[in-house]
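> Dropping the structure in here first, questions after.
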Amino acid sequence: DVKVTQSSRYLVKRTGEKVFLECVQDMDHENMFWYRQDPGLGLRLIYFSYDVKMKEKGDIPEGYSVSREKKERFSLILESASTNQTSMYLCASSLDGSPLHFGNGTRLTVT
Amino acid sequence: EDQVTQSPEALRLQEGESSSLNCSYTVSGLRGLFWYRQDPGKGPEFLFTLYSAGEEKEKERLKATLTKKESFLHITAPKPEDSATYLCAVQAIGSRDDKIIFGKGTRLHILP
């Protein structure tokens, strides 16, 4: 079974802090993704990566950056957290043409 | 424009009361349609992939079907543990995984 592990289930951060969300997958998947999920808005793609060192902007990249130094690890960085970044963050991985496999999410609260 | 619409937004059923969830989609050509289950506070869990009209997949009390315009997730004799949000997603032919489009989900609540 594919396992996608997000390092934190819950995080509480202050406005202006730099926040790191970590994601690791154990199935040698090429593709990795970061989404946020908000009530009424569904899943929105923030950033994705199809290879090590490669990254591309999704639909809502503003205020975020990512890092993919190793194939299995994809990090999401909030450079200066703001209250409107309070959300559920979901990491996913896939092989081309296969379903996305999601982690259990990180519930981030920015106060 | 490619899009996915799920209905109803929310559904409450008595235990044992069978029903169906709908996923209507508009896509230039379908590469695959995916169903996920999401429990509160957790990530979506993959259930099924359907590729062509007429295809059906089953898992326990769930059966997914596909036509050229929509997919149904049929729930037979549901139990309280089937309560969750069910998400549908589609991918168009020739598109990569970042172009997978998700619906907003149907929240299903099964009353004991």
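> Considering only Cα-Cα distances, which of the following residue pairs are longer than 20 Å: A:Lys53/B:Lys42; B:Lys69/B:Lys99; B:Lys57/B:Lys99; B:Lys42/B:Lys99; B:Lys42/B:Lys69; A:Lys55/B:Lys99?
Numbers: A:Lys53/B:Lys42 28 Å; B:Lys69/B:Lys99 18 Å; B:Lys57/B:Lys99 24 Å; B:Lys42/B:Lys99 23 Å; B:Lys42/B:Lys69 29 Å; A:Lys55/B:Lys99 15 Å.
Table pairs above 20 Å Cα-Cα are A:Lys53/B:Lys42; B:Lys57/B:Lys99; B:Lys42/B:Lys99; B:Lys42/B:Lys69.
> Ignoring ligands, DNA and RNA, how much accessible area is buried between chains A and B, both sides summed, with a 1.4 Å probe, to the nearest 100 Å²? Provide the component values of the computation, followed by the final result.
Numbers: alone 6140 and 6510 Å², together 10930 Å².
Roughly 1700 Å².
> Apply the Karplus parameterisation 6.51 cos²θ - 1.76 cosθ + 1.60, with θ equal to phi minus 60°, to every residue of region A:83-100 and state each ³J(HN,Hα) to the nearest whole Hz, in sequence, with x for glycine and proline.
My calculation for region A:83-100 gives 4, 6, 9, 5, 5, 9, 10, 10, 9, 9, 9, 6, 9, 3, x, 9, x, 5 Hz in order.
> What's the extension gain from B:Ser24 to B:Glu81 if we count 0.36 nm per residue and subtract their Cα-Cα distance?
Between B:Ser24 and B:Glu81, full extension yields an extra 18.0 nm.
> If R₀ is 45 angstrom, what is the calculated FRET efficiency for the pair A:Lys53 and B:Glu9, using the beta carbon separation as r and rounding to 0.05?
Numbers: r = 41 Å, r/R0 = 0.91.
The value I calculate is 0.65.
> What does the charge dipole of region A:4-110 about its Cα centre add up to, to the nearest 20 debye, if the Cβ of each Lys and Arg holds +1 and the Cβ of each Asp and Glu holds -1? Spell out each step's value before the answer.
On the way: 14 positive and 14 negative charges, 79 e Å.
The calculated dipole for region A:4-110 is roughly 380 debye.
> Ordered by residue, what ³J(HN,Hα) values in Hz, to whole numbers, does region A:34-47 give under the Karplus form 6.51 cos²θ - 1.76 cosθ + 1.60, where θ = phi - 60° and Gly and Pro are x?
Going residue by residue, I get 10, 10, 10, 10, 10, x, x, 10, x, 8, 10, 7, 9, 8 Hz, with x marking Gly and Pro.
> Averaged across the residues of A:44-55, what count of C-beta atoms belonging to other chains lies within 10 Å of each residue's C-beta? Kindly include the intermediate steps, with their values, before the conclusion.
Working: counts 1, 6, 0, 1, 3, 1, 3, 0, 0, 0, 0, 0.
So the per-residue partner count for this stretch is 1.
> When chain B is modelled as a GNM with alpha-carbon springs shorter than 10 Å, which of B:Gly29, B:Gly41, B:Gly94 fluctuates the most?
For chain B, modelled as a Gaussian network with Cα springs under 10 Å, the answer is B:Gly41.
> Let me ask something else. Specify which residue in the list B:Pro78, B:Ser95, B:Thr5 is farthest towards the positive end of the charge dipole of region B:3-111, using unit charges on the beta carbon of Lys, Arg (+1) and Asp, Glu (-1), about the Cα centre.
B:Ser95
> Still on this structure: How much accessible area per residue does chain A have, counting only protein heavy atoms and a probe of 1.4 Å, in square angstrom? The partial results should precede the final answer.
Numbers: 5320 Å² over 111 residues.
That works out to 48 Å² per residue.
> Out of residues 5 or more away from A:Met27 or on other chains, whose amide H comes under 5 Å of its own, with H placed 1.01 Å from N in the peptide plane?
A:Lys3
> Along region B:89-98, what does the Karplus equation 6.51 cos²θ - 1.76 cosθ + 1.60 (θ = phi - 60°) give for ³J(HN,Hα), rounded to whole Hz, x for Gly and Pro?
These are the phi-based 3J(HN,Hα) values: 9, 10, 10, 7, 4, x, 9, 8, 5, 6 Hz.
> Along the charge dipole of the protein assembly as shown, which of A:Ser8, A:Ser98, A:Leu41 sits closest to the positive end, that is, farthest toward it, with unit charges on the beta carbon of Lys, Arg, Asp and Glu (+1, +1, -1, -1)?
It is A:Ser8.
> If the only charges are +1 at each Lys and Arg Cβ and -1 at each Asp and Glu Cβ, what is the size of the charge dipole of region B:3-111 around the Cα centre, to the nearest 20 debye? Present the calculation step by step, with values, prior to reporting the outcome.
Details: 15 positive and 14 negative charges, 60 e Å.
It works out to roughly 280 debye.
> Just to verify a number: FRET efficiency for A:Phe20 and B:Asp2, C-beta to C-beta distance, R0 = 25 Å, to 0.05?
The value I calculate is 0.15.
> Could I ask something else about it? For region B:3-111, which whole percent of the accessible surface, found with a 1.4 angstrom probe, sits on carbon and sulfur atoms? List each step's numbers first, then the result.
On the way: 2530 of 5240 Å².
With neighbouring chains kept in place, the figure for region B:3-111 is 48 percent.
> Here's another thing I want to ask about it. Pull up all non-local amide H partners of A:Gly58: gap of 5 or more, or a different chain, and H-to-H distance under 5 Å with H placed in the peptide plane.
A:Tyr47, A:Phe48
> Taking 7 Å along the Cα-to-C-beta vector as the label spot, tell me the B:Glu56-A:Ser65 distance in nanometres, rounded to one decimal.
It is 5.3 nm.
> At B:Leu111 and A:Ser80, where each label point lies 7 Å from the Cα along Cα→Cβ, what is the point-to-point distance in nanometres?
5.1
The values are calculated or read from the model by the stated rules, or taken from the named source; none is laboratory data. As the structure is a computational prediction, the values presented were derived from the model and not from experiment. Virtual Cβ from ideal backbone geometry, glycine too; neighbours counted across all protein chains shown. For the accessible areas, the whole protein counts, side chains as well, though only heavy atoms, and no ligand, DNA or RNA atoms are used. Shrake-Rupley method; radii C 1.70, N 1.55, O 1.52, S 1.80 Å.
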